[in-house]
Amino acid sequence: MTIFKKILDGAIPTQKIYEDDHCIAFKDIHPQAPVHILIIPRKEIPTLADAKPEDQALLGHLMIKTTEIARQLGIEEQGYRVVINCRQHGGQEVAHLHIHLLAGRQLKWPPG
Ligand code: 5GP
């Protein structure tokens, strides 16, 4: 079981900032920017590469919720970065699909 499944089940406490029937959003425990939120589906999809055509609406839901959360956090005007790490070379550590929402400082490109 992944750490995110434990968070979904309430077995591990977290600073939740949003939840609905399909996803939850909470603060990253090791923030890489002043704002660092993780948005995860309740459905256990290990990586983006494991998403199926039937997950299309769910993936769209996650992206739209990410924009709404950004608006509510007041980071929309200055902007933000949305990241999905996929598998080993993508730097993914937790095998439960998640979106990183990063903001609050000037982010560099390219990533390391
Ligand atoms: P990944 O590297 O898989 O894309 O990102 C996993 C993220 O989950 C990391 O940024 C890491 O800091 C975060 N994380 C890992 N364990 C926990 C936890 O127990 N609670 C919270 N809130 N974040 C976690």
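The table that follows gives values for the structure above.
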quantity: Members of region 73-83 that are touching a residue at least 12 places away in the same chain (Cβ under 8 Å) and away from the ligand (no atom under 14 Å from the Cβ); calculated: L73, I75, Q78, G79, Y80
quantity: Test: R42 is within 14 Å of the ligand (Cβ to nearest atom) and under 21 Å from E93 (Cα atoms); calculated: no
quantity: Residue count for region 84-106, restricted to those that are within 12 Å of the ligand (Cβ to nearest atom) and touching a Pro at 6+ places or on another chain (Cβ under 8 Å); calculated: 3
quantity: Index of the failed condition, I69 passing every other in (1) loosely packed, with under 13 Cβ neighbours inside 10 Å; (2) of a type in the set (A, V, I, L, M); (3) under 13 Å from the mean Cα position of the chain (by Cα); calculated: (1)
quantity: Check on T66, touching a strand residue (DSSP E or B) at 6+ places or on another chain (Cβ under 7 Å), of a type in the set (S, T, Y) and near the ligand (Cβ under 9 Å from one of its atoms); calculated: no
quantity: Subset of region 6-45 that is farther than 25 Å from A103 by Cα and in contact (Cβ under 8 Å) with a residue 40 or more places away in the chain - its residue that is surrounded by the fewest Cβ atoms within 10 Å (Cβ to Cβ); calculated: E44
quantity: Selected residue (only one of L58, L48 is closer than 19 Å to T2 by Cα, aliphatic (A, V, I, L, M) and without any contact (Cβ under 8 Å) to a residue 60 or more places away in the chain); calculated: L48
quantity: Members of region 15-32 that are within 11 Å of the ligand (Cβ to nearest atom) and either among the acidic types (D, E) or over 14 Å from the mean Cα position of the chain (by Cα) (or both); calculated: D28
quantity: Filter pass, K6 being within 9 Å of the ligand (Cβ to nearest atom) and out of contact with any Gly (no Cβ under 6 Å at 6 or more places or on another chain); calculated: yes
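We did not get these values from a lab; they are worked out from the coordinates using the rules stated. These figures come from a predicted structure and were not determined experimentally. As a convention, Cβ positions derive from the backbone with ideal geometry for all residues, glycine included, and neighbour counts pool all protein chains shown.
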